[in-house]
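In what follows, a single structure is set out as structure tokens and then discussed.
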Amino acid sequence: MSSTVLKPGGLRLAAGALGLVLTGSAVASDAKKVAYGRHLSGECSACHRVDGTDNGIPSITGWEPEDFVHTLAFYRNGERNNPAMVSVAQSLDDDQMKALAAYYGSLPKAARSKKK
Ligand code: HEC
């Protein structure tokens, strides 16, 4: 029976390994978020260009991720009412918005558009 009890040394080792995994994951999760965002962005790039040019539809590259998420939330809660974006935003959950924000935020900002 007593042989199933974990020795203290074994526990410490396990905790140490867990600590390593957790520290590494802060960086890894950013890369994962960007990759997930890139995957999700297929839905967006039908309208928004990834090179950042404004083709009549605003550029969404190079934004602060926080602004990006807030803007999407405005569409989701109806504060902004563009029908295309409202339906897009309502199909996204918070994690997906954050992933898209990380991905688009990692892309270079649009070169200044000439018009305007
Ligand atoms: C059917 C076309 C279409 C699709 C698909 C689409 N968008 Fe949009 N998006 C627009 C239009 C049009 C606007 C400008 C709406 C407005 O004036 O409020 C816009 C605006 C935005 C804005 C705000 C831009 C600004 O300058 O205020 C963000 C952020 C955005 N879209 C993100 C996304 C993301 C992320 C996706 C994919 C999940 C997506 N859009 C998919 C058409 C689209």
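Could you please find all residues in the range 72-82 being over 13 Å from Ala101 (Cβ atoms) and more than 8 Å from the ligand (Cβ to nearest atom)?
Quick first cut of the range 72-82, residues over 13 Å from Ala101 (Cβ atoms) only: 74-82.
Of everything in the range 72-82, those that are over 13 Å from Ala101 (Cβ atoms) and more than 8 Å from the ligand (Cβ to nearest atom) turn out to be Phe74, Arg76, Asn77, Gly78, Glu79.
Pairs only if they're at least six apart or on different chains, beta carbon under 8 angstrom, first in the range 77-92 and aliphatic (A, V, I, L, M), second more than 8 Å from the ligand (Cβ to nearest atom) and assigned to a loop (DSSP other than H, G, I, E, B); list them, first residue then second.
Val86/Gly78
Test Gly56 against the stated conditions and say whether it is more than 22 Å from Ala110 (Cα to Cα) and at pLDDT below 95. Talk me through it step by step, then tell me what you get.
Values: more than 22 Å from Ala110 (Cα to Cα): no; at pLDDT below 95: yes.
No, not satisfied.
Looking at Gly56, Gly42 in this structure, which one is more than 16 Å from the chain's Cα centre (by Cα) and loosely packed, with under 13 Cβ neighbours inside 10 Å?
On the way: Gly42 fails: more than 16 Å from the chain's Cα centre (by Cα).
On inspection, the qualifying residue turns out to be Gly56.
Table: residues versus (1) part of a helix (DSSP H, G or I); (2) at pLDDT below 95; (3) within 13 Å of the ligand (Cβ to nearest atom).
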residue	(1), (2), (3)
Gly9	yes, yes, no
Gly19	yes, yes, no
Lys33	yes, no, no
Val50	no, yes, yes
Met85	yes, no, yes
Ala99	yes, no, yes
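Step by step: first the residues of the range 62-71, then only those that are more than 10 Å from the ligand (Cβ to nearest atom) and surrounded by 11 or more Cβ atoms within 10 Å (Cβ to Cβ), then the one that is nearest to Leu100 (Cα to Cα). Which residue is that?
In this case the residue turns out to be Pro65.
The values are calculated or read from the model by the stated rules, or taken from the named source; none is laboratory data. Just so we're clear, the structure is a prediction, and the values are computed from it rather than from any experiment. Cβ: placed from backbone, ideal geometry, glycine included. Neighbour counts: every protein chain shown.
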